[in-house]
Amino acid sequence: MNETIQLIKNHRSVRQFEDKPLTKEQIEAIVTSGQAASTSSFIQAYSIIGVTDQDKKKKLAKLAGDQSFVENNGHFLVFCADLHRHQVIGKMEKQEKELNESIESTEKFMVGLIDAALAAQNAVIAAESMGLGICYVGGIRNNLEGVSKVLNTPSHVIPLFGLAVGYPAKQNSQKPRLPFQHIYHENEYEQNGDQYLSELEEYNDTISKYYEERTAGRRKDTWTEQMGNMLNKKKRMYMKDFVQSKGLNKS
């Protein structure tokens with residue numbers, strides 16, 4: 001196994017950081033590594049907002065569910081789906097009306113989501129290669145209207161998730177992932193129901209033991225139990241209306 005694969009497979013989320021800011025060189029290396037990711041049809045439908053203003057970080061931490069590591073880290077990045085620049089292109093190329101229908105389609109919204117995710121994962125690998133820790137923050141989607149105001153994002157720009165980066169003050173043990181054979185399907189989707197259930201039961205046992213060991217017996221819930229409880233709660237149900245109000249995913 002080479003060093004890159006070992007680095008990727010060693011990933012874990014970090015939620016406690018030293019009080020030490022990243023350098024400009026580190027930030028540039030992380031962002032440009034993100035930019036090196038593949039992008040659909042060269043559209044580059046994303047932007048990255050680095051938040052250095054402590055007051056803004058404090059507001060974002062509150063909006064994300066009072067998550068302290070959003071405020072306290074080496075640097076905080078927000079990855080956005082961004083088709084605003086393509087509206088500007090429409091004006092530049094005198095094709096504003098023609099481009100709008102494409103820009104506001106579900107397909108182009110998906111391109112923005114995928115482009116941003118690919119860039120983010122490249123950025124994460126770059127950060128971890130420097131000995132830094134990271135944590136993705138989906139909590140900013142709890143209140144995207146508030147986040148958009150803090151970040152002053154224009155129409156056709158949607159903040160998707162945050163990324164806290166910094167020097168780890170504490171690292172947790174790595175959570176076991178689903179079994180390889182449950183994730184990887186060959187030639188077609190595996191639909192053996194008994195096998196599917198067996199693999200989930202096996203994973204439940206692994207996760208229950210992980211939590212029991214990590215919490216000294218205070219917790220030993222299974223993965224399917226955890227997912228059932230989480231998915232049973234309606235969450236961020238405003239999203240479709242918000243996205244469409246920003247001019248995206250309309251057709």
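Filtered by the rule that a residue be over 16 Å from the mean Cα position of the chain (by Cα) and not β-branched (V, I, T), segment 50-62 gives D53, Q54, D55, K56, K57, K58, K59, K62. In segment 204-251, of all residues being closer than 21 Å to S102 by Cα and loosely packed, with under 14 Cβ neighbours inside 10 Å, the one that is nearest to the chain's Cα centre (by Cα) corresponds to M239.
On the given criteria, is A116 in contact with a strand residue (DSSP E or B) (Cβ under 6 Å, 6 or more places away or on another chain), within 24 Å of L22 (Cβ to Cβ) and among the small types (G, A, S)? Give the derivation first.
On the way: in contact with a strand residue (DSSP E or B) (Cβ under 6 Å, 6 or more places away or on another chain): yes; within 24 Å of L22 (Cβ to Cβ): yes; among the small types (G, A, S): yes.
Answer is yes for this residue.
Candidates in segment 171-181 are the residues that are more than 13 Å from Y196 (Cβ to Cβ) and either among the charged types (D, E, K, R) or in contact (Cβ under 8 Å) with a residue 24 or more places away in the chain (or both); of these, the one that is surrounded by the fewest Cβ atoms within 10 Å (Cβ to Cβ) is S173.
Here the condition is being on the phi < 0 side of the Ramachandran plot, hydroxyl-bearing (S, T, Y) and surrounded by 12 or more Cβ atoms within 10 Å (Cβ to Cβ); of Y189, Y167, Y184, it holds for Y167 alone.
Can you say whether G90 is surrounded by 15 or more Cβ atoms within 10 Å (Cβ to Cβ), assigned to a helix (DSSP H, G or I) and in contact with a Leu (Cβ under 8 Å, 6 or more places away or on another chain), as far as the supplied structure shows? Spell out the reasoning first.
Values: surrounded by 15 or more Cβ atoms within 10 Å (Cβ to Cβ): yes; assigned to a helix (DSSP H, G or I): yes; in contact with a Leu (Cβ under 8 Å, 6 or more places away or on another chain): yes.
So G90 fits the description; yes.
Here's the yes/no breakdown for (1) crowded, with 16+ Cβ neighbours inside 10 Å; (2) touching a residue at least 40 places away in the same chain (Cβ under 8 Å):
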| residue | (1), (2) |
| --- | --- |
| I5 | no, no |
| K20 | no, yes |
| E25 | no, no |
| Y46 | yes, yes |
| A64 | yes, yes |
| V78 | yes, yes |
| K94 | no, no |
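Determine, yes or no, whether G133 is surrounded by 17 or more Cβ atoms within 10 Å (Cβ to Cβ) and within 28 Å of E212 (Cα to Cα). So G133 fits the description; yes.
When segment 87-142 is examined, which residues are found to be aromatic (F, W, Y) and out of contact with any Phe, Trp or Tyr (no Cβ under 7 Å at 6 or more places or on another chain)? Within segment 87-142, just F109 meets the criteria.
Laboratory data are not the source of any read-out in this text; all were calculated from the coordinates shown. As the structure is a prediction and not an experimental result, all values here were calculated from the model. Because the Cβ atoms are built from the backbone with ideal geometry, glycine has one as well, and the counts that use them run over all protein chains shown.
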